[in-house]
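Notes for the one structure printed next.
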Amino acid sequence: MYQTLLTSLENNILTITINRPDKLNALNKTVMQELSSVMDEVYNNEEIRSVIITGAGAKSFVAGADISEFVGLSVVEGTTLAEDGQKTFKKIEESPKPVVAAVNGFALGGGCELAMACHFRIASTNAKFGQPEVNLGLIPGYGGTQRLVQLIGKGRAIEMIISANLIDANTALQYGLVNYVVAPEELLEKATSILSVVNTKAPIAVAKAIESANAVFNETKNGYDVEVKSFGHCFGTEDMKEGTSAFLEKRKASFKGK
Ligand code: COA
């Protein structure tokens, strides 16, 4: 179905594997278009409850945007490239269904930006994170200057971006860029076990929690207002009635996403 992505849906978890291992899974135009399309599928397919994004091969999550496609671009074309990239990654960030990055090696440039657009990140011990665009006379353009500051703070983010230094998985853990560091062979298992728990919760509540947390970083919104509206919205759902009744009746809730 996709040229550059492998997808598999198991137990309501969609695993998306970026599949250009010979190019360390660099994000070319096709990958970006297909990521946008697969996110449409995530939004619309009721069978998908949560998502894992990872890279093919043992070496790399994603080693950046495909540098070969940068050659000869004009200012206007470069601007459009960043606009389109940001739009696609925003679709991931604003997904009502949780998206976890399983970072299995290099997460550089657009790869680090992709991981940061996900709701949280799990790294394998061999992961390396960085925004090395200044080596190319560039800066991050798919949201990296914003999300890196949000996740690790301005001082560390600016140092990483202007030095192009890479950090290892344990430093990423210490910085709060990733939630866990696990052995490479345990990476997908760890992501799956967390999402299996999340998938037992009320889907609308999960979506509203993501929307409210995202509002912290959206200057056009007041996060507290978004939270109030989201909290109120949940009272109109069957799942909220089921969840509270189940607690009071001392039984396990069965949620329907309604
Ligand atoms: N864009 C396009 N191709 C890329 C790429 C990228 N971002 N990253 C790696 N590749 C390609 C290499 O050109 C090479 O292709 P080839 O075999 O046809 O020559 C292949 O992937 C393997 O990469 P290679 O550089 O040989 O592997 P390495 O182990 O020596 O080095 C990296 C790994 C990640 C350090 C190195 O590939 C690198 O620095 N990549 C670019 C990182 C970057 O600047 N990202 C930000 C882009 S905005």
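None of the figures in this text is laboratory data; all of them are computed from the coordinates on show. As the structure is a computational prediction, the values presented were derived from the model and not from experiment. Virtual Cβ from ideal backbone geometry, glycine too; neighbours counted across all protein chains shown.
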Note, ³J(HN,Hα) from phi for region 23-32, Karplus 6.51, -1.76, 1.60, rounded to Hz, x at Gly and Pro: 10, 6, 6, 4, 8, 8, 3, 4, 4, 5
Calculated Rg and Dmax of region 1-123 using C-alpha coordinates, Å: 13.7, 45
Descending principal axes extents, region 82-197, alpha-carbon based, whole Å: 41, 29, 21
Candidates per trypsin sites (Lys or Arg not before Pro) in region 1-103, loop by DSSP, up to 15 other Cβ within 10 Å: LYS59
Calculated from backbone phi, Karplus (6.51, -1.76, 1.60) coupling profile of region 37-52 in Hz, x at Gly/Pro: 5, 5, 5, 4, 4, 4, 5, 9, 8, 5, 6, 8, 10, 7, 9, 10
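Assigning unit charges at the beta carbon (Lys, Arg +1; Asp, Glu -1) and nothing else, what dipole magnitude in debye, to the nearest 20, does region 1-83 show about its Cα centre?
Values: 5 positive and 11 negative charges, 68 e Å.
My answer is approximately 320 debye.
Within region 159-202, list the GluC sites (Glu not before Pro) lying in a DSSP loop whose Cβ has at most 15 other Cβ atoms in a 10 Å radius. List each step's numbers first, then the result.
Numbers: sites: GLU159, GLU185, GLU186, GLU189; in loops: none.
Within region 159-202, no GluC sites (Glu not before Pro) qualify (loop, at most 15 other Cβ atoms within 10 Å).
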Lys/Arg +1, Asp/Glu -1 at C-beta; the chain dipole; positive extreme among THR125, VAL197, ALA183: VAL197
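State, to one decimal in nm², a quarter of the convex hull surface area for the C-alpha atoms of region 132-258, i.e. the direction-averaged projected area.
Spelled out: convex hull of the Cα atoms, projected over all directions, averaged, 10.9 nm².
Identify the GluC sites (Glu not before Pro) of region 1-108 meeting these criteria: DSSP loop state and at most 16 other C-beta atoms within 10 Å of the C-beta. All intermediate terms of the calculation are to be shown ahead of the outcome.
Working: sites: GLU10, GLU34, GLU41, GLU46, GLU47, GLU69, GLU77, GLU83, GLU93, GLU94; in loops: GLU46, GLU47, GLU94.
Those that pass, being in a loop and sparsely packed, are GLU46, GLU47, GLU94.
From the C-alpha gyration tensor of the chain, pull out the three semi-axes of the equivalent ellipsoid (sqrt of 5λ each), sorted largest to smallest, in whole Å.
Details: eigenvalues 205, 80, 65 Å².
That gives 32, 20, 18 Å for the three semi-axes.
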Contact order normalised by residue count of region 88-192, Cα under 8 Å, 6+ apart, percent: 31 percent
Region 133-173-region 188-229 distance, computed between alpha-carbon centres (Å): 25 Å
5 angstrom amide H check on SER60, placed H, neighbours 5+ away: PHE106
